[in-house]
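The values are calculated or read from the model by the stated rules, or taken from the named source; none is laboratory data. Keep in mind that this is a model prediction, so the values were computed, not measured. Cβ sites come from the backbone with ideal geometry, for glycine too, and all protein chains shown count toward neighbours. Surface accessibility is based on the protein's heavy atoms, side chains included, excluding ligands, DNA and RNA. Shrake-Rupley method; radii C 1.70, N 1.55, O 1.52, S 1.80 Å.
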Amino acid sequence: MTMGLLDDKKRNNIAGYVISMWHVEDLMRANAFNLDKVEELMIAPMDADESTKADTRAWYSSIIQRMKLQGIELQGHLSEVEEVLNELEFLHNSLVNVIRDEPYVALFAEARPAITALQSQADDQADGPITTGFTAIYGVLLLRAQGKPVSPATTEAEGHIRRLLEALSVHYTQMRKLPGVSMN
């Protein structure tokens, strides 16, 4: 199987990996899972050799196949992305409730009001705090990409959530380097 385009990001910046994968999933949906359209819009314009373009095409093709196989054509995330989100939620809960990592707990205290507000809007469909944080960051990215205004309050909340997710990413990377820890 082709090496994934985001493997380096997955190893070194797990939060960036999650956001990037959500973006890729949305791009595949926006292009109706049509690999020829993906080729035309995303691969052909690349400044890369033909071998790299072929690997990229194979990677996007694999994403499309897995999304269809997993039945997430309209919404949802690939199982490997969901697995990472579950790991991050677990790590977050461990840092807050078990380890009580003071710098991390302080970052969570700053981000918590925005996360809680978003969770309350979701009622019984609310995700955990980390998935909710990713949803907030991704939503703001989409607003900015569409040229829509982002309020100062939203920008401030996004900053708190972003710092929390960046710290969680660092902890995740450190945890994966521990002996005996085997996660994807």
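General observations
- Of the trypsin sites (Lys or Arg not before Pro) found in the range 77-184, those in coil by DSSP whose Cβ has at most 10 other Cβ atoms within 10 Å are Arg100, Lys177.
- Theoretical FRET efficiency, 1/(1+(r/R0)^6), r = Cβ-Cβ of Thr52 and Val105, R0 41 Å, to 0.05: 0.40
- Label-point gap, in nm, between Asp124 and Glu80 - each point 7 angstrom along Cα→Cβ: 3.5
- Furthest towards positive pole of dipole, Pro45, Thr116, Gln75, structure part the chain, Cβ charges: Thr116
- Using Cβ point charges alone (K and R +1, D and E -1), the dipole size of the chain about the Cα centre works out to roughly 220 debye.
- Rounded accessible area per residue of the range 25-184, 1.4 Å, Å²: 57
- Structure-derived Rg/Rh (Cα atoms, Kirkwood Rh) - corresponding label in (1) 1.14; (2) 0.99; (3) 1.01: (2)
- Long pairs among Lys68/Lys177; Lys148/Lys177; Lys9/Lys53, criterion Cα-Cα beyond 29 Å: Lys68/Lys177; Lys148/Lys177
- Percent accessible area from carbon and sulfur atoms, the range 1-82, protein chains only, probe 1.4 Å: 51
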